[in-house]
Amino acid sequence: MISTVSTKGQVTIPVSIRKKYGLCANDRVDFITEGDRIILIPVKTLRDFRGSVTGSGNLDEERRAAKDAVSHRTIEEMS
């Protein structure tokens, strides 16, 4: 698929590609160069991972448990 670079350096991503990769307005992408290629990669945000991990629903309790786990691991590493 061919697209044109505007005078501002902008390129329109074709609809079929946006749909295939779930790209929406204000999504972030990363440009990587490999030799003479430019690769466009969608950037994952925390929003993309929402719902992928279950929790107890009590954030204060989960934070406390996470802090305790880090404390115990630090104490073990120092021993």
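The values are calculated or read from the model by the stated rules, or taken from the named source; none is laboratory data. Predicted model, so just to flag it, every value in this text is computed and none were measured. Neighbour counts run over all protein chains shown; Cβ positions are idealised from the backbone, glycine included.
Numbers at a glance
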read-out	value
The range 30-62: number of residues that are touching a Gly at 6+ places or on another chain (Cβ under 8 Å) and loosely packed, with under 10 Cβ neighbours inside 10 Å	0
Top-ranked residue of the range 33-69 - restricted to ones that are in a loop (DSSP other than H, G, I, E, B) and of a type in the set (Ser, Thr, Tyr), ranked as farthest from Gly9 (Cα to Cα)	Ser56
Residues of the range 63-79 satisfying the condition of being surrounded by 10 or more Cβ atoms within 10 Å (Cβ to Cβ) and among the acidic types (Asp, Glu)	Asp68
Members of the range 1-29 that are under 17 Å from the mean Cα position of the chain (by Cα) and surrounded by 10 or more Cβ atoms within 10 Å (Cβ to Cβ)	Arg18, Tyr21, Leu23, Asp27, Arg28, Val29
Flag for Asp30 being in a helix (DSSP H, G or I) and of a type in the set (D, E, K, R)	no
Long-range neighbours under 6 Å by Cβ, at least six apart or interchain, first residue at pLDDT 90 or above within the range 9-34, second surrounded by 10 or more Cβ atoms within 10 Å (Cβ to Cβ) and assigned to a loop (DSSP other than H, G, I, E, B)	Val11/Ser3; Thr12/Ser3
